[in-house]
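Report on one structure; see the data block that follows.
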Amino acid sequence: MPELPEVETIARGLRATLPGRQILSVRLGKTDFIDDPAGIEREIPGTRIIAVRRHGKFLLLDLEPANPKAREFSLLVHLGMTGRLVTIDSQAPVPPHTHVLFALDDGRELRYTDVRRFGRMAIVTSGLEENSLGSLGLDPLEASEEDFVGVLRHRRAQIKALLLDQSVLRGIGNIYADESLWRARIHPQRLAANLSTKELRQLYRAAQRVLNNAIQARGSSIADYVDADGNLGGFQRLHRVYQREGKKCFRCAFAIKRTIVAGRSSHFCPHCQRAPRARRR
């Protein structure tokens, strides 16, 4: 599933060319992932794209209605597991599983393709995004070190589970949780409340480095992810622990192991990331 770096990469790509463009028409295929297909067909044509934003793992296209008296709204897009949102010449062949096509006034199309259709698309009223997005936590790229430490330090839950909890930190998923914990030398099963302030600060700095480096590399292409121009990311070549079970740790040459935390596979080095001590009776 695309995480913060992938969604941020797509947002930056779309932000470079979409603002100011008018959406002329909408074509829909399968619509089971769209909250209100008729509303999108009715409200989107004639709007002008004002801005492109990322909120956690969500993309928001802010739209100016054709009717100047109408209230501004946004198109919310979640890519799910296999969603792709790309801009391309309208004459280019349409690949299978393309379910939404927005015709732009410069001869291009903004196309949403999704094989498994686990994504989401909806219209949300400006200023009321939280009603659709739910309660989301801190953005790890925007949070200060003190805020990051403060939101984790007293929680008696496994640190990997908290990194994945979007109500605590929005945008981090399995890849970047594993990579951040490895760089901070913290075992994924340790309780956040048992981590020292120094360790939490190390984790904050590790997460910042990982996320920013992944954005610079245009994300991780593990399966279906491509950026807004249809190009693969490159950060998967820099993974140090994710999906490397049995391979040598880049730091100490011990074999990477895998365990389950919060229902997700978690990769770690048993030497660099010491497991929490068993509680004595």
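Tell me, which residue of the range 143-160 that is outside any loop (DSSP other than H, G, I, E, B), of a type in the set (D, E, K, R) and in contact (Cβ under 8 Å) with a residue 40 or more places away in the chain is nearest to V86 (Cα to Cα)?
Start the filter on the range 143-160 by keeping residues that are outside any loop (DSSP other than H, G, I, E, B), which leaves 145-152, 158-160.
Checking which are of a type in the set (D, E, K, R) leaves us with 145-147, 160.
Next cut, in contact (Cβ under 8 Å) with a residue 40 or more places away in the chain only: 145, 160.
Numbers: E145: 34, K160: 32 Å.
Top of the filtered list is K160.
From the set of residues in the range 222-281 that are surrounded by fewer than 14 Cβ atoms within 10 Å (Cβ to Cβ) and closer than 18 Å to E6 by Cβ, which is modelled with the lowest pLDDT?
In this case the residue turns out to be A223.
Considering only the range 143-153, I want to know if a residue exists there that is surrounded by 16 or more Cβ atoms within 10 Å (Cβ to Cβ) and within 19 Å of I215 (Cβ to Cβ). Show your work before the answer.
Filtering the range 143-153 down to residues surrounded by 16 or more Cβ atoms within 10 Å (Cβ to Cβ) leaves 143, 148-149, 151-152.
Checking the rest, the ones that are also within 19 Å of I215 (Cβ to Cβ) come to 143, 148.
Among the residues of the range 143-153, at least one is surrounded by 16 or more Cβ atoms within 10 Å (Cβ to Cβ) and within 19 Å of I215 (Cβ to Cβ), which makes the answer yes.
Could you list all residues from the range 58-86 that are surrounded by fewer than 22 Cβ atoms within 10 Å (Cβ to Cβ), within 18 Å of D227 (Cβ to Cβ) and of a type in the set (G, A, S)?
Once the filter is applied, which keeps residues that are surrounded by fewer than 22 Cβ atoms within 10 Å (Cβ to Cβ), within 18 Å of D227 (Cβ to Cβ) and of a type in the set (G, A, S), the range 58-86 yields only G80.
For the range 231-241, does any single residue satisfy the condition of being small (G, A, S), closer than 24 Å to R53 by Cβ and in contact (Cβ under 8 Å) with a residue 60 or more places away in the chain?
Yes, that holds for at least one residue.
Pick from F235, F254: which is over 18 Å from the mean Cα position of the chain (by Cα) and outside the structural domain of A11 (by TED's automatic domain parsing)?
Of F235, F254, the one residue that is over 18 Å from the mean Cα position of the chain (by Cα) and outside the structural domain of A11 (by TED's automatic domain parsing) is F254.
May I ask you to list the residues in the range 190-203 that are in contact (Cβ under 8 Å) with a residue 60 or more places away in the chain and either under 18 Å from the mean Cα position of the chain (by Cα) or surrounded by fewer than 19 Cβ atoms within 10 Å (Cβ to Cβ) (or both)?
Our first condition is that a residue be in contact (Cβ under 8 Å) with a residue 60 or more places away in the chain; within the range 190-203, this holds for 190-191, 194.
Of everything in the range 190-203, those that are in contact (Cβ under 8 Å) with a residue 60 or more places away in the chain and either under 18 Å from the mean Cα position of the chain (by Cα) or surrounded by fewer than 19 Cβ atoms within 10 Å (Cβ to Cβ) (or both) turn out to be L191, N194.
Only one of P140, P96 is surrounded by fewer than 18 Cβ atoms within 10 Å (Cβ to Cβ) and part of a loop (DSSP other than H, G, I, E, B). Can you tell me which? Before the answer, list the steps.
On the way: P140 fails: surrounded by fewer than 18 Cβ atoms within 10 Å (Cβ to Cβ).
Only one candidate qualifies: P96.
For the structure I just gave you, tell me whether L163 is under 19 Å from the mean Cα position of the chain (by Cα), part of a helix (DSSP H, G or I) and over 24 Å from R53 (Cα atoms). If you could, list the steps in order and put the result at the bottom.
On the way: under 19 Å from the mean Cα position of the chain (by Cα): yes; part of a helix (DSSP H, G or I): yes; over 24 Å from R53 (Cα atoms): no.
No: the conditions fail for L163.
Here is a list of conditions, (1) surrounded by 14 or more Cβ atoms within 10 Å (Cβ to Cβ); (2) among the charged types (D, E, K, R); (3) in the same structural domain as R264 (by TED's automatic domain parsing), and R156 meets all of them except one; can you say which number that is?
Failing condition for R156: (1).
Quick one: count up the residues across the range 104-123 that are more than 15 Å from T17 (Cβ to Cβ) and in contact (Cβ under 8 Å) with a residue 60 or more places away in the chain. Don't jump to the end; show me each part of the working.
Taking the range 104-123 as the starting set, the residues that turn out to be more than 15 Å from T17 (Cβ to Cβ) are 112-123.
Narrowing the set further to residues that are in contact (Cβ under 8 Å) with a residue 60 or more places away in the chain leaves 114-115, 117-123.
Going through the range 104-123 one residue at a time, the tally reaches 9.
Pairs under 7 Å by beta carbon, first residue over 13 Å from L60 (Cβ atoms) in the range 125-139, partner part of a loop (DSSP other than H, G, I, E, B) and hydroxyl-bearing (S, T, Y), six or more apart or different chains?
Sorted first by the residue in the range 125-139, then by its partner, the pairs are S135/S167; G137/S167.
Quick grid of which residues meet (1) within 30 Å of L169 (Cβ to Cβ); (2) assigned by TED's automatic domain parsing to the domain that holds N174; (3) surrounded by 15 or more Cβ atoms within 10 Å (Cβ to Cβ):
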position	(1), (2), (3)
I23	no, no, yes
D35	yes, no, no
G56	yes, no, yes
I88	no, no, yes
G127	yes, no, no
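Determine whether T9 is within 23 Å of N231 (Cβ to Cβ), buried (at least 22 other Cβ atoms within 10 Å of the Cβ), without any contact (Cβ under 8 Å) to a residue 40 or more places away in the chain and touching a Gly at 6+ places or on another chain (Cβ under 8 Å).
Values: within 23 Å of N231 (Cβ to Cβ): yes; buried (at least 22 other Cβ atoms within 10 Å of the Cβ): yes; without any contact (Cβ under 8 Å) to a residue 40 or more places away in the chain: no; touching a Gly at 6+ places or on another chain (Cβ under 8 Å): yes.
Here the answer is no, as T9 does not meet what is asked.
Regarding the range 100-111, can at least one residue be identified that is at pLDDT 95 or above, acidic (D, E), assigned to a loop (DSSP other than H, G, I, E, B) and assigned by TED's automatic domain parsing to the domain that holds E41? So that I can check it myself, show each step before the final result.
Residues of the range 100-111 that are at pLDDT 95 or above, as a first pass: 100-111.
Then drop every residue that is not acidic (D, E), which leaves 105-106, 109.
This time we only want the ones that are assigned to a loop (DSSP other than H, G, I, E, B), so: 105-106.
Those still in the list that are assigned by TED's automatic domain parsing to the domain that holds E41 too: 105-106.
Yes, the range 100-111 contains at least one residue that is at pLDDT 95 or above, acidic (D, E), assigned to a loop (DSSP other than H, G, I, E, B) and assigned by TED's automatic domain parsing to the domain that holds E41.
In this structure, is S180 surrounded by 24 or more Cβ atoms within 10 Å (Cβ to Cβ), within 13 Å of P140 (Cα to Cα) and either of a type in the set (S, T, N, Q) or touching an Asp or Glu at 6+ places or on another chain (Cβ under 6 Å) (or both)? Reasoning before the result, please.
On the way: surrounded by 24 or more Cβ atoms within 10 Å (Cβ to Cβ): yes; within 13 Å of P140 (Cα to Cα): yes; either of a type in the set (S, T, N, Q) or touching an Asp or Glu at 6+ places or on another chain (Cβ under 6 Å) (or both): yes.
So S180 fits the description; yes.
Scan the strands (runs of 3 or more DSSP E) fully inside the range 1-80 and keep the ones with 3 or more residues being at pLDDT 95 or above, of a type in the set (A, V, I, L, M, F, W, C) and more than 21 Å from the chain's Cα centre (by Cα).
Working: elements: 23-28, 48-55, 58-64, 73-78.
Fully inside the range 1-80 and qualifying: 23-28.
The values are calculated or read from the model by the stated rules, or taken from the named source; none is laboratory data. Just so it is clear, the structure is predicted and the values come from calculations on it, not from any experiment. Note that each Cβ is placed from the backbone with ideal geometry, even for glycine, and that neighbours are counted across all protein chains shown.
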